[in-house]
1. For Gly454, only one of the following conditions fails: (1) over 26 Å from Tyr178 (Cα atoms); (2) under 18 Å from the mean Cα position of the chain (by Cα). What is its number?
2. Taking the stretch 192-228, which residues are buried (at least 18 other Cβ atoms within 10 Å of the Cβ), hydrophobic (A, V, I, L, M, F, W, C) and closer than 18 Å to Ala311 by Cα?
3. All but one of (1) in contact with a Lys or Arg (Cβ under 7 Å, 6 or more places away or on another chain); (2) free of Cβ contacts under 8 Å to residues at least 40 places away in the same chain hold for Ala216; state the number of the condition that does not hold.
4. If a residue counts only when it is of a type in the set (D, E, K, R) and modelled with pLDDT of 95 or more, which strands (runs of 3 or more DSSP E) contained entirely in the stretch 220-271 have at least 2 such residues?
5. Kindly indicate whether any position in the stretch 347-358 is buried (at least 16 other Cβ atoms within 10 Å of the Cβ) and within 16 Å of ligand 1 (Cβ to nearest atom).
6. Out of all the residues in the stretch 422-444, which are charged (D, E, K, R) and either surrounded by 20 or more Cβ atoms within 10 Å (Cβ to Cβ) or within 16 Å of ligand 2 (Cβ to nearest atom) (or both)?
7. Kindly establish whether Gly428 is outside any strand (DSSP E or B) and within 16 Å of ligand 1 (Cβ to nearest atom).
Amino acid sequence: MTKERWRLLVAVAATLAVVAPLAWLWQASRMPGEYSVMEMGYVDHGGGPVSAGGGEGGQEGHHGGPTSVADLVDDPDRDADVEVELVAEAAEITLASGREVEGYTLNDVSPGPMIRVREGQLLEVQLRNESVEGGVTLHWHGVDVPNAEDGVAGVTQDAVGIGEEHTYRWVADAAGTYWYHSHQISHEQVIRGLLGPLVVEPRKPEAGVVDVPALAHTYAGGRTINGDDGDVPVTVEAGSRVRVRVINTDNGPVRTWASAPYTVAAVDARDLNEPTPVADRWLTVTAGGRADLMLDVPEDGSALRVQVGAATALVIGPEGAEAPPVPEPDDGLDLLSYGSPADLGFDPDEADRDFEYSIGRRPGFVQGKPGLWWTINGHMWPNVPMFMVAEGDVVRMTIDNHSGDVHPMHLHGHHAVVLSRDGEEATGSPIWFDSLDVQDGESYEVAFVADNPGVWMDHCHNLQHAVDGLVAHLMYEGVSTPYRIGGDAANHPE
Ligand code: C2O
Ligand code: CU
């Protein structure tokens, strides 16, 4: 063989040595045009029992059960107490300031209409898609609905195409602050306004308290509260007690603080135990999360100012009342030691499953695209874990983040409680969350009871991160979903 031929051969071999693994990684990063979430990734039993048919790390239809998610509903024979119709449209949104942005509306507005129900009532929402190209769904963020009502395209239903309808029915069993949003192409549809506030009022109404919703959303780069920007006036009588329901519908955390002491009455629609007044501290509201603040409007006719981020605030008081700006406090409130402990109703030390949800980042391919992508337990999407549980299990999960960015982690269908952060035990009120801000370098231990069968997303609520692969699922033994990602219905939940 001549020298030239040798050189050529060596060059070809060297190129192949580089390209072949890349080609393999590229190929492995792609999913077919249609698939079931039950077929993706690998099964993680969290050290718990492996049921029949649920093979370890299997690829073939690995753990489907006889119960379809479509059958996991609330009493179909019961009449609705509250009926709401929501019509989704692609439209120009006019913000209260007069500014116009391209987006999506529900019943001609964005944020969509406030939905209010009372604890124990059955809500029935009829969703109609008038003109949203990609199809829509509605997810009831923070409500532990039966699985069929969860609104995740390709997991619990098909996306609702133009001219189509879908009905959601569920019983509101926990009072608190929630929101709803599309879970189809959500990284695009939520940013562009396909969302709205939802409040479940307690069975016994709170006497003498004025309810003030404060839904924060950033439209085309500008933060708004209830669709309005800048200082948003709220008219109440001098001396009123108010419950400000801060709802963060953005992709990142928002800080809130006020001109008067506030008490954090609830986080993610769960009351805190014996909360105390807070002064000179901001509170972080996780992306997707909610916080209910109790405050008193001054007696002297001036207004109370509640900042939601630096640029927007509620100015609450008598007509025309003013409140001077309040600089952001130097420190934040640490919920880990806020309020007092209370019984959890279960023992996290008797866990049946112990999962890890460790978030990193490294170069590779997702859906054939090269980039610096998120990893879960070292694996990149689609090779993500399927966390398997059985109904009744006590589940522990360690969520740690070494990815260089903050991740608001959101488990559907359940509230989990914080046990510790970076090894430091939670000593305050139990924090029952559905959306948890996990900052870079942090590690949280959380626990919950698997009491709501289904197939549930467990993902980052920075929805850009979700579409970039920071998505896993929690799945109950004996349950399976007939819905598929992609396919004819073009389901794309993220
Ligand atoms: Cu607010 Cu998976 O969603
Ligand atoms: Cu994230």
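The values are calculated or read from the model by the stated rules, or taken from the named source; none is laboratory data. None of these values were measured; they are calculated from a predicted model. Every residue, glycine as well, gets a Cβ built from its backbone with ideal geometry; the counts of neighbours run over all protein chains shown.
1. (1)
2. Those that are buried (at least 18 other Cβ atoms within 10 Å of the Cβ), hydrophobic (A, V, I, L, M, F, W, C) and closer than 18 Å to Ala311 by Cα: Ala214, Leu215, Ala216, Ile225.
3. The single condition Ala216 does not satisfy is (2).
4. Details: elements: 222-225, 231-235, 241-248, 254-258, 263-267.
Result: 241-248.
5. Yes, the stretch 347-358 contains a residue that is buried (at least 16 other Cβ atoms within 10 Å of the Cβ) and within 16 Å of ligand 1 (Cβ to nearest atom).
6. So the first thing to find is which residues in the stretch 422-444 are charged (D, E, K, R), and the list is 422, 424-425, 434, 437, 440, 442.
Scanning the stretch 422-444 gives Asp434, Asp437, Asp440, Glu442.
7. On the way: outside any strand (DSSP E or B): yes; within 16 Å of ligand 1 (Cβ to nearest atom): no.
For Gly428, the condition - outside any strand (DSSP E or B) and within 16 Å of ligand 1 (Cβ to nearest atom) - is not met.
Listed here are the residues, each with its yes/no results for (1) touching a Leu at 6+ places or on another chain (Cβ under 8 Å); (2) more than 17 Å from Glu89 (Cα to Cα).
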position: His166; (1), (2): yes, no
position: Gln184; (1), (2): no, no
position: Gly193; (1), (2): no, no
position: Lys204; (1), (2): no, yes
position: Asp228; (1), (2): yes, yes
